[in-house]
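Q: I'd like to ask some things about the structure below.
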Amino acid sequence: MIPKLEVKDLCYSYHTMEGETQALSHISFKVHAGEFVAVVGPSGCGKSTLLSLICGLLKPDSGQILLDGKNVTGGDTRIGYMLQKDHLFQWRTIFSNACLGLEIQKKLDEPHKKKVEELLSAYGLQSFADAKPSELSGGMRQRAALIRTLALEPDLLLLDEPFSALDYQTRLAVCDDISTIIRGRKKTAILITHDLSEAVSVADRIIILTRRPGRIKGTMSISFPEEAGSPLKRRNCPEFSAYFNELWKILKN
Ligand code: ADP
Ligand code: MG
């Protein structure tokens with residue numbers, strides 16, 4: 001079976017006036033359809049660079065990135081990107097923010113508008129459709145940003161520390177919320193995080209990167225009993241701390 005995403009021997013360096021910064025070195029991994037993969041690693045090790053390469057915003061120095069067996073190109077509509085900041089426009093309503101991606105891709109027809117309405121109501125934002133982002137909590141805004149991304153029906157979701165701007169308690173709740181939505185829709189997702197417990201609580205597999213230039217230091221498969229279906233439930237399982245400690249050990253060495 002062709003993996004949803006295959007990253008092959010990827011290298012990338014930034015070139016600036018000050019010289020060259022090697023960000024990533026010989027990264028290879030696969031992500032299968034429906035898999036939720038977390039990538040952890042020290043700050044500055046190249047995690048955001050990796051996502052920018054995967055979605056085609058940056059071009060690799062060498063190596064290949066294949067989505068469904070085909071090379072990715074910039075502006076690939078099969079990939080959805082969600083960032084730390086929700087990037088909602090303050091002057092637009094939640095509905096019109098959620099439609100923004102469709103508008104840019106010139107797909108904002110009646111069936112798609114209906115789909116946005118359905119997503120807003122499925123995820124508890126229907127009564128905020130006409131509200132401005134400033135009227136919503138941080139968690140609700142992240143949910144609106146996710147709906148904007150999901151409306152485009154991406155095959156692959158890239159999440160770059162989407163919860164790190166939230167306070168700890170909100171972060172736990174929003175992470176639970178967002179990852180339950182993503183799993184419910186059986187999306188393939190890559191979550192970048194520097195929070196080890198967040199990685200263990202959401203992922204099927206964790207890829208651990210070294211310090212810059214980022215190389216793969218190890219990978220860890222995570223499995224919890226069926227009934228521990230959400231991140232908050234996983235945190236209460238006895239396996240949780242064993243996974244956390246193992247991950248900590250790999251990162252520390
Ligand atoms: P992370 O997301 O893991 O914190 P990044 O991928 O943002 O790391 O950055 C990896 C390295 O590349 C860092 O050392 C950073 O300083 C450097 N870097 C990132 N963006 C640029 C850029 N536009 N120009 C030059 N160097 C950059
Ligand atoms: Mg980053």
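The values are calculated or read from the model by the stated rules, or taken from the named source; none is laboratory data. Small disclaimer: the values here were computed from a predicted structure and weren't measured. Note that we place each Cβ from the backbone using ideal geometry, even for glycine, and neighbour counts take in every protein chain shown.
Q: Could you tell me which numbered condition Ser134 fails, if it satisfies all but one of (1) surrounded by fewer than 14 Cβ atoms within 10 Å (Cβ to Cβ); (2) among the hydroxyl-bearing types (Ser, Thr, Tyr); (3) within 16 Å of ligand 1 (Cβ to nearest atom)?
A: It fails just one condition, (3).
Q: Let me ask another. Select from the stretch 164-198 the residues that are within 16 Å of ligand 1 (Cβ to nearest atom) and under 22 Å from Ala131 (Cα atoms) and list them in ascending order.
A: Across the stretch 164-198, the qualifying residue is only Ala165.
Q: Which residues, taken from the stretch 138-151, are small (Gly, Ala, Ser) and either in contact with a strand residue (DSSP E or B) (Cβ under 7 Å, 6 or more places away or on another chain) or modelled with pLDDT of 90 or more (or both)?
A: Filtering the stretch 138-151 for residues small (Gly, Ala, Ser) gives 138-139, 144-145, 151.
Those that are small (Gly, Ala, Ser) and either in contact with a strand residue (DSSP E or B) (Cβ under 7 Å, 6 or more places away or on another chain) or modelled with pLDDT of 90 or more (or both): Ala144, Ala145, Ala151.
Q: Among the residues of the stretch 42-56 satisfying the criterion of being within 20 Å of Pro154 (Cα to Cα) and out of contact with any strand residue (DSSP E or B) (no Cβ under 7 Å at 6 or more places or on another chain), which is farthest from ligand 2 (Cβ to nearest atom)?
A: The qualifying residue farthest from ligand 2 (Cβ to nearest atom) is Gly56.
To keep it simple, each residue is scored yes or no on (1) surrounded by fewer than 19 Cβ atoms within 10 Å (Cβ to Cβ); (2) within 16 Å of ligand 2 (Cβ to nearest atom); (3) within 16 Å of Lys252 (Cβ to Cβ); (4) modelled with pLDDT of 95 or more.
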| position | (1), (2), (3), (4) |
| --- | --- |
| Ile190 | no, yes, no, yes |
| Asp195 | yes, yes, yes, no |
| Ser201 | no, no, no, yes |
| Ile207 | no, yes, no, yes |
| Ile222 | no, no, no, yes |
| Glu227 | yes, no, no, no |
| Ser230 | yes, no, no, no |
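Rundown of residues vs (1) of a type in the set (Lys, Arg); (2) more than 16 Å from ligand 2 (Cβ to nearest atom); (3) in contact (Cβ under 8 Å) with a residue 12 or more places away in the chain, yes/no style:
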| position | (1), (2), (3) |
| --- | --- |
| Pro60 | no, yes, yes |
| Gly69 | no, yes, yes |
| Gly75 | no, yes, yes |
| Gln84 | no, no, yes |
| His87 | no, no, yes |
| Arg92 | yes, yes, yes |
| Leu100 | no, yes, yes |
| Leu108 | no, yes, no |
| Lys115 | yes, yes, yes |
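Q: Yes or no: the stretch 17-30 includes at least one residue that is in contact (Cβ under 8 Å) with a residue 12 or more places away in the chain, surrounded by fewer than 22 Cβ atoms within 10 Å (Cβ to Cβ) and assigned to a loop (DSSP other than H, G, I, E, B).
A: Our first condition is that a residue be in contact (Cβ under 8 Å) with a residue 12 or more places away in the chain; within the stretch 17-30, this holds for 21-30.
With surrounded by fewer than 22 Cβ atoms within 10 Å (Cβ to Cβ) added as a condition, the list becomes 21-22, 25-26, 28-30.
Filter once more, keeping what is assigned to a loop (DSSP other than H, G, I, E, B): none.
No, the stretch 17-30 has no match at all.
Q: State the number of residues belonging to the stretch 157-193 that are in contact (Cβ under 8 Å) with a residue 40 or more places away in the chain and farther than 18 Å from Asp86 by Cα.
A: Matching residues across the stretch 157-193 total 5.
Q: Return yes or no: is Lys70 within 16 Å of ligand 1 (Cβ to nearest atom) and modelled with pLDDT under 95?
A: no
Q: Please state which of the following conditions Asp155 fails to meet, knowing it meets all the rest: (1) of a type in the set (Asp, Glu); (2) over 24 Å from Ser179 (Cα atoms); (3) under 16 Å from the mean Cα position of the chain (by Cα).
A: Checking Asp155 against (1) of a type in the set (Asp, Glu); (2) over 24 Å from Ser179 (Cα atoms); (3) under 16 Å from the mean Cα position of the chain (by Cα), the one that fails is (2).
Q: Among the listed residues Arg171, Arg185, Arg211, which satisfies the condition of being surrounded by fewer than 21 Cβ atoms within 10 Å (Cβ to Cβ) and under 24 Å from Asp76 (Cα atoms)? Steps first, answer last, please.
A: Values: Arg171 fails: under 24 Å from Asp76 (Cα atoms); Arg211 fails: under 24 Å from Asp76 (Cα atoms).
Within the list Arg171, Arg185, Arg211, the selection yields Arg185.
Here is a yes/no grid of residues against (1) modelled with pLDDT of 90 or more; (2) within 20 Å of Leu120 (Cβ to Cβ):
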residue: Glu153; (1), (2): no, yes
residue: Leu156; (1), (2): yes, no
residue: Pro162; (1), (2): no, yes
residue: Tyr168; (1), (2): no, no
residue: Lys187; (1), (2): yes, yes
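Q: Same structure, new question: Among (1) more than 9 Å from ligand 1 (Cβ to nearest atom); (2) at pLDDT 95 or above; (3) in contact with a Gly (Cβ under 6 Å, 6 or more places away or on another chain), there is one condition Glu35 misses while meeting the rest; what is its number?
A: Against the list (1) more than 9 Å from ligand 1 (Cβ to nearest atom); (2) at pLDDT 95 or above; (3) in contact with a Gly (Cβ under 6 Å, 6 or more places away or on another chain), Glu35 comes up short only on (3).
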